[in-house]
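Structure, as structure tokens:
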Amino acid sequence: MSILAPKTIALIANYKIWSTAILLTATLALASCAALQPPNAGGPKGNEQLYPIVFTEDSHRKEAVAVALNQLAVQPVNSTEPQRQAGATTILSLSPKTGSNLYLPKVGPTDVMNEEETRESLRRFIKEWQEIIGSDPAKLSLVERVDQPDGTKVANYEQRPFRYPIRGNYGKLQIRFTTDRRVLNLTSTCVPDADRMQTALSGLTVRLKAEDAVQKLIGDGLSYTDPKGTKLNFKVPQASQINPRGLVVYILSPNDKPDAREAHIAWEIELNDLPIKIAYIDAITGETIAVE
């Protein structure tokens, strides 16, 4: 019979202890995974995703906006009570009263800024108040800068955070101001959590091609609810001129969840010579989301 050296006996003992520990750890891990499984076979599968994408107000952003509003108030600005965008912490409308000191930043050597200086001033203003506006400044595009007949100036921006353009009552920013840079009105319907929404949208698969949406529109008609809450159905004539413009992200506030926002991927379809000019057909479910 062979006699093992003391060092060899110690190594064997340590090996048994480590083997037991590893086996116990693996057993506990498997048990933990099993506990995380759906409670029944009819539960949601791993490759299924809830649709439409629904977002509710974020508490952390709400606190950040409150801080920004307090900062705005102590400048001080005697403003009217800000109106909030439905389903978001974004400011819908902020109209400082006459005599307030909410101004665009000064850019350039003279009292009156030229167009290039005005655009740079607007860019700095948006960066400073992006918490209230609700958008990353890099995702905002200036689409119009207008001098009004009454001497006031208007800058209109579109929020473009997604692969597809935003439709619905969201994604716009307007700043009205005077020649001396005083802000008269700030209106924003920007989507504050666009990055999270983009992550969710990127995981979706478009099921309807443009031609499928057109055929469904002709075959089923347009079933929609008007602003008064009345459900209507509009039959689209076969000979109608129908032009799919492309995919969009249509955002709305659902009636049963006024504090939330729904994001749909939809086909924007133009209807010529008809009472309804534009229809939005969900590119995943085929339902009519909205009409204009």
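The values are calculated or read from the model by the stated rules, or taken from the named source; none is laboratory data. What you see is a predicted model, and the numbers here were worked out from it, not measured in a lab. Virtual Cβ from ideal backbone geometry, glycine too; neighbours counted across all protein chains shown. Side chains included, ligands, DNA and RNA excluded: accessible areas come from the protein's heavy atoms. Shrake-Rupley method; radii C 1.70, N 1.55, O 1.52, S 1.80 Å.
Each Lys and Arg adds +1 at its Cβ and each Asp and Glu adds -1 at its Cβ; summed about the Cα centre, region 177-292 shows a dipole of about 140 debye. Between residue 180 and residue 141, how high is the FRET efficiency from 1/(1 + (r/R0)^6) when r is the Cβ-Cβ distance and R₀ = 25 Å? Nearest 0.05. Working from the Cβ atoms, E equals 0.45. A 1.4 Å probe, protein heavy atoms only, puts the accessible area of residue 214 near 20 Å².
Put simply, the Cα atoms of region 129-262 extend 57, 37, 29 Å along their principal axes, the longest span coming first. Per residue, the solvent-accessible area of region 153-214 (1.4 Å probe, heavy atoms of protein chains only, all protein chains present) comes to 46 Å². When 234, 162, 125 are compared by accessible area of protein heavy atoms, the largest-first order is 234, 162, 125, using a 1.4 Å probe. Measuring between their Cα centroids, region 155-182 and region 199-246 lie 27 Å from each other. Ranking 163, 145, 261 from most to least accessible surface, computed with a 1.4 Å probe over the protein chains only, gives 163, 145, 261.
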